[in-house]
Amino acid sequence: MANKTHKIAVIGGDGTGPEVVAEGLKVLEVVGKKFGIKYELTHFDYGGDRYLKTGKILDDSEVEGLKKFDAIFLGAIGHPDVAPGILEKGILLKARFGLDQYINLRPVKLYENVWTPIKDKGPEDIDFVVVRENTEGLYVGTGGNLKKGTKDEVAIQDSINTRKGVERCIRYAFNLARKRNKKKQLTLVGKTNVLTYAFDLWYRTFMEVAKEYPDIKADYAHVDATCMWFVKNPEWFDVIVTDNLFGDIITDLGAMIQGGMGIAAGGNINPEGVSMFEPIGGSAPKYTGKNVINPLAAIGAVQMMLENLGEEKAAHAVERSIMAACKKMLSMSAGKMGFSTTEVGDMVAEGI
Ligand code: IPM
Ligand code: MN
């Protein structure tokens, strides 16, 4: 999108988040110059440190403020001194829900020379995308306890699935399968044999929408079997669509078969609004400040952000440079890459 100045909100967040974000921005600067992309960065200090200092998590007016941007680039959320759930729900999920980022797009692509734990599989076998529903399911946080702390305690956590929410996600996935133009196959991943309310809605909606996409093969797999096939036959997949929790779980497995958390990037997409791009891995507190964390996932998030902003050529250039960097690196794990965080960032930036 020539001439437009992209307004980008940057949230480094916790732990190693700011370090990897810095490398992403380094690459953005170089690719921006090369392709004449105009952009403006605004940094926000949302995260565990601000919470510990001020008690502020992420309030409604701050979510409103994020709506004024064209994209958000996020490092990581999660702090060792803050109880689990507070920041994850209060910042990450609040942003995903508040900005109605109803798609969590997670490509699983093995690049050449990147080690995969799957013997006998290579880049030609591992190249698919998971479309994870991102605003419903078990993540909505409704439910409650009764008689908490007693032997009669009851805990209920609901999975909310709306026709509207399920349908818009499925449509997005069909369109993506068409746009990718590879196997032209979309697999619904669910559990229709047990979750006979939630996945009945998913399955019926999927089959109805499928009629509008006769060029795309509509396929179904149970989530447990999917885990098996990710390892045994990852080449069977092209685009996968699934609910929030299943999507969360299978994309950690997906990240591992593509070389680990150091390389896996994702996008929280609102096709009609503001999207947020992040490395999938966490804040890795024990590595903070050590300059050892792999920034390729964050750089991959920049690639996805550029694509979302309509800067396809720049996005391709970033991916090519990531691929070239992979050929030079020894491994994807922290401390074993053969290069430091900043060196990997430099390598990708120079490769542009
Ligand atoms: C992810 C993370 C989050 C999720 C956590 C941190 C809330 O695991 O982005 O996959 O469960 O969605
Ligand atoms: Mn996860």
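The values are calculated or read from the model by the stated rules, or taken from the named source; none is laboratory data. Worth saying up front: this structure is predicted, and the values here are computed from it rather than measured. Cβ: placed from backbone, ideal geometry, glycine included. Neighbour counts: every protein chain shown. Heads up: the accessible areas ignore ligands, DNA and RNA and are worked out on the full protein's heavy atoms, side chains in. Shrake-Rupley method; radii C 1.70, N 1.55, O 1.52, S 1.80 Å.
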The range 278-298, residues that are assigned to a helix (DSSP H, G or I) and hydrophobic (A, V, I, L, M, F, W, C): 296, 297, 298
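Let's see how each residue does on (1) assigned by TED's automatic domain parsing to the domain that holds residue 328; (2) more than 27 Å from residue 263 (Cβ to Cβ); (3) not hydrophobic (A, V, I, L, M, F, W, C); (4) not in a loop (DSSP other than H, G, I, E, B):
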{"residue": "125", "(1), (2), (3), (4)": "no, no, yes, no"}
{"residue": "144", "(1), (2), (3), (4)": "no, yes, yes, yes"}
{"residue": "150", "(1), (2), (3), (4)": "no, yes, yes, no"}
{"residue": "155", "(1), (2), (3), (4)": "no, yes, no, yes"}
Some residue of the range 193-207 being surrounded by fewer than 14 Cβ atoms within 10 Å (Cβ to Cβ), within 23 Å of residue 140 (Cα to Cα) and aliphatic (A, V, I, L, M): yes
When residues of the range 322-334 are limited to those that are open to solvent by less than 60 Å² (accessible area, probe 1.4 Å) and part of a helix (DSSP H, G or I), the one nearest to residue 26 (Cα to Cα): 322
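Yes or no: residue 337 touching a residue at least 12 places away in the same chain (Cβ under 8 Å) and in a loop (DSSP other than H, G, I, E, B)? Steps first, answer last, please.
On the way: touching a residue at least 12 places away in the same chain (Cβ under 8 Å): yes; in a loop (DSSP other than H, G, I, E, B): yes.
Spelling it out, residue 337 is indeed touching a residue at least 12 places away in the same chain (Cβ under 8 Å) and in a loop (DSSP other than H, G, I, E, B).
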Residue in the range 300-321 that is of a type outside the set (A, V, I, L, M), in the same structural domain as residue 274 (by TED's automatic domain parsing), farther than 21 Å from residue 17 by Cα and outside any helix (DSSP H, G or I) present: yes
Pair list, Cβ under 7 Å, 6 or more apart: the range 37-51 residue at pLDDT 95 or above, other residue of a type in the set (S, T, N, Q): 38/5; 39/5; 40/5
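Which one of these is aromatic (Phe, Trp, Tyr) and under 30 Å from residue 199 (Cβ atoms): 339, 246?
Of the residues listed, the single one that is aromatic (Phe, Trp, Tyr) and under 30 Å from residue 199 (Cβ atoms) is 246.
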All positions within the range 237-254 that are within 14 Å of ligand 1 (Cβ to nearest atom) and either open to solvent by 10 Å² or more (accessible area, probe 1.4 Å) or not polar (S, T, N, Q) (or both): 243, 245, 246, 247, 248, 249, 250, 252, 253, 254
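Do any helices (runs of 4 or more DSSP H) entirely within the range 164-265 hold 1 or more residues that are of a type outside the set (A, V, I, L, M, F, W, C) and at pLDDT below 95, and if so, which?
Numbers: elements: 198-210, 223-232, 244-257.
Per the criteria, no element qualifies.
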Matching residues in the range 71-89 - criterion: being within 16 Å of ligand 2 (Cβ to nearest atom) and assigned to a loop (DSSP other than H, G, I, E, B): 77, 78, 84, 85
Residue in the range 195-234 that is nearest to residue 181 (Cα to Cα), counting only those that are touching a residue at least 12 places away in the same chain (Cβ under 8 Å) and β-branched (Val, Ile, Thr): 216
Within the range 90-110, considering residues that are more than 13 Å from ligand 2 (Cβ to nearest atom) and open to solvent by 20 Å² or more (accessible area, probe 1.4 Å), the one nearest to residue 309 (Cα to Cα): 105
Some residue of the range 27-45 being within 16 Å of ligand 1 (Cβ to nearest atom) and either open to solvent by 20 Å² or more (accessible area, probe 1.4 Å) or on the phi < 0 side of the Ramachandran plot (or both): no
Residues satisfying the stated conditions in the range 237-263, i.e. within 14 Å of ligand 2 (Cβ to nearest atom) and either under 22 Å from residue 175 (Cβ atoms) or touching a helix residue (DSSP H, G or I) at 6+ places or on another chain (Cβ under 7 Å) (or both): 242, 243, 244, 245, 246, 247, 250, 251, 253, 254, 261
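Would a scan of the range 278-291 turn up a residue that is in the same structural domain as residue 133 (by TED's automatic domain parsing) and within 16 Å of ligand 2 (Cβ to nearest atom)? Spell out how you get there, then give the answer.
Applying the first criterion (in the same structural domain as residue 133 (by TED's automatic domain parsing)) to the range 278-291 yields none.
Checked the range 278-291: no residue is in the same structural domain as residue 133 (by TED's automatic domain parsing) and within 16 Å of ligand 2 (Cβ to nearest atom).
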In the range 255-264, the residues that are closer than 14 Å to residue 127 by Cα and within 11 Å of ligand 1 (Cβ to nearest atom): 255, 264
Subset of the range 270-284 [surrounded by fewer than 24 Cβ atoms within 10 Å (Cβ to Cβ) and either away from ligand 1 (no atom under 11 Å from the Cβ) or on the phi > 0 side of the Ramachandran plot (or both)]: 270, 271, 272, 273, 274, 275, 284
